Every structure is written in structure tokens, then in C-alpha cells.
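All remarks here apply to the structure that follows.
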Amino acid sequence: LKEAEVTLHYLNNVAGKNFEFRNPRGELTPNAVTIINRLKEGYTGVELREGVMDKVEKWKGDDKMDEYLRPQTLFGKQKFAQYVGELGRVPDDDGR
């Protein structure tokens, strides 16, 4: 859970947002669950944060795209693999 919380805090910091990791009752929010699901798939916190930084650099301040700097868009199952693929990193020995 710590890695997911660090990632959400990072998104809030660099994008100027205020997404919560837990609701007032202490339960995980949908934002937290979305990030946790990507981590369970084997993505690392570093990969998640690199994806955030890439989209912040491209979208922050853009009237149309700034609103999409949110967990459901950035870490959603449908788009996340695409966003990581756009980073253009060279695969390491295990193919990632």
C-alpha cells in the first residue's frame, strides 16, 4: 500500500491536485484501488510515477487535457499500458 500512496501523493504534488488515498472512514478510495491494481499487475512505483510525469509535462496547463490528470485516467486498465509504452524505454533483461 505504501508504494501506491507514494504514487498518489506524487501525482498530487506534480499536477497540483488533491486526490485522497483514504476516505474519512479510513477506507481505500477508488483512486487508491486503481493504483494498487496496476502494482498488482507487476508495474513498479517508478513506472507509475514516470507515467505521471510524462503526462503532467504534456497535459498540465492545457485547457482540454489538464482535467485528465487524475488517477482513473492515468492508471486505468484501458490506458495505462499504452502510457507506459509511450515512455520509449529500452526493455531490461526480463523484457520490461
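The set of residues in the stretch 54-80 being surrounded by 13 or more Cβ atoms within 10 Å (Cβ to Cβ), free of Cβ contacts under 8 Å to residues at least 40 places away in the same chain and under 19 Å from Tyr43 (Cα atoms) consists of Asp54, Lys55, Thr73, Lys79. Of everything in the stretch 10-53, what is out of contact with any helix residue (DSSP H, G or I) (no Cβ under 7 Å at 6 or more places or on another chain), open to solvent by 30 Å² or more (accessible area, probe 1.4 Å), of a type in the set (Val, Ile, Thr) and over 15 Å from Val84 (Cβ atoms)? Give them in sequence order. Across the stretch 10-53, the qualifying residue is only Val33. Taking the criterion of being of a type outside the set (Asp, Glu), within 20 Å of Asp66 (Cα to Cα) and without any contact (Cβ under 8 Å) to a residue 40 or more places away in the chain, the residues of the stretch 7-31 that qualify are His9, Asn12, Asn13, Asn18. Taking the criterion of being assigned to a loop (DSSP other than H, G, I, E, B) and either within 15 Å of Asn31 (Cβ to Cβ) or small (Gly, Ala, Ser) (or both), the residues of the stretch 41-82 that qualify are Gly42, Gly61, Leu69, Arg70, Phe75, Gly76.
The values are calculated or read from the model by the stated rules, or taken from the named source; none is laboratory data. Everything quoted here is computed from the prediction, not taken from an experiment. Glycine also receives a Cβ, built like all others from the backbone with ideal geometry; neighbour counts cover every protein chain displayed. Side chains are part of the model used for accessible areas, which takes the heavy atoms of the whole protein and leaves out ligands, DNA and RNA. Shrake-Rupley method; radii C 1.70, N 1.55, O 1.52, S 1.80 Å.
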